[in-house]
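This report refers to the structure that appears directly beneath it.
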Amino acid sequence: MTFALLIEALGITPNASQHGYVIDNMLEMLHWFMLVLFVGWGSFYFYTLWRFQKRKHPKANYVGATSHLPTKLEGGVLVLEVVLLMSFAAPIWANRVDDWPTGPNVTRLSAVGEQFLWNFQYTGGDEKFGRRKIQLVSGANGLGIDRTDPDAADDLITRNEMHLPVNQPCIINVMSKDVIHDFCIPNMRVAQDAIPGSIIPMWFIPVKEGTYEIVCAQLCGNGHSGMKGTLIVESAEKYKKWFDDTAKLSGATVNDDAPLAPDPAPATAP
């Protein structure tokens, strides 16, 4: 079951990932819970204004309230919040950090932030990232890829444009060349800090073809607002054609005989 109407009303971008449905369901539940609290405590507030107005009580009561009901209500809210955390948020997080995808259908790439753009490095058919050297970094080779390294010969390098095959998992190694950034794809319900000197992996499964925005969600300088990229989710056939055509233009080795990974069944909302 999905809650697209409320999510849209809240101004949240539509979900396009497999795990995003669970997150959206939890968001809706939390907003209904906050609405109940808002109406409940707001009603209680106006009741106290009316109940204890000066006209009805010209002389103050210095004893105050003796009922323990407010304390019990606060305790009940606390218990409910713990239940929401342990029953929904914790399992979702555990699944994200423990259940990593494996197999030949996994697309592997690196997302490297720099002021103010995103660099992407895809592994080729060998599924290995090639060596990078700081001495080779230039305008045309922003990541310093060493093409003499056999593992780097088939690596694909792009800038501000990322492609993924639909209904297939991807693992992205997030890192930074300069300051702290945050690699965020709102439609995929994923975000990960890009920290200099650290390689932090993240994963998701895109389930809807389309074009989505990649943004930096961490203030990183004067050009922060313009640090955007594009994610294009497409069929396996279109993805392979894009990969091969772009690799040939960039000088990477292309394995034209590599078979297409079969498209798995489309993911559905839980």
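The values are calculated or read from the model by the stated rules, or taken from the named source; none is laboratory data. These numbers come from a predicted model, not from an experiment. Cβ placement follows ideal geometry from the backbone for every residue including glycine, while neighbour counts extend to all protein chains displayed. The area values use the complete protein model at the heavy-atom level, side chains included, leaving out ligands, DNA and RNA. Shrake-Rupley method; radii C 1.70, N 1.55, O 1.52, S 1.80 Å.
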In segment 78-98, the residues that are open to solvent by 90 Å² or more (accessible area, probe 1.4 Å) and within 30 Å of PHE243 (Cα to Cα): ASP98
Exactly one of ASP154, ASP149 is out of contact with any helix residue (DSSP H, G or I) (no Cβ under 8 Å at 6 or more places or on another chain) and not β-branched (Val, Ile, Thr), and that one is ASP149
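Scan segment 46-59 for residues that are in a helix (DSSP H, G or I) and either open to solvent by 50 Å² or more (accessible area, probe 1.4 Å) or at positive phi (or both) and report the count. Before you say what the answer is, go through the steps one by one.
Looking only at segment 46-59, we keep the residues that are in a helix (DSSP H, G or I), and these are 46-51.
Still in the list and also either open to solvent by 50 Å² or more (accessible area, probe 1.4 Å) or at positive phi (or both): 46-47, 49-51.
Residues meeting the conditions: 5.
What's the total number of residues in segment 174-190 that are within 12 Å of LEU109 (Cβ to Cβ) and over 13 Å from the mean Cα position of the chain (by Cα)?
Residues that pass the stated criteria total 1.
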Would you mind stating whether SER43 is of a type in the set (Ser, Thr, Tyr), part of a helix (DSSP H, G or I), closer than 30 Å to PRO186 by Cα and free of Cβ contacts under 8 Å to residues at least 40 places away in the same chain? no
Among residues of segment 191-219 being within 11 Å of the chain's Cα centre (by Cα) and aromatic (Phe, Trp, Tyr), the residue nearest to ILE180 (Cα to Cα) is TRP203
Would a scan of segment 67-77 turn up a residue that is under 30 Å from ASN141 (Cβ atoms) and surrounded by fewer than 12 Cβ atoms within 10 Å (Cβ to Cβ)? no
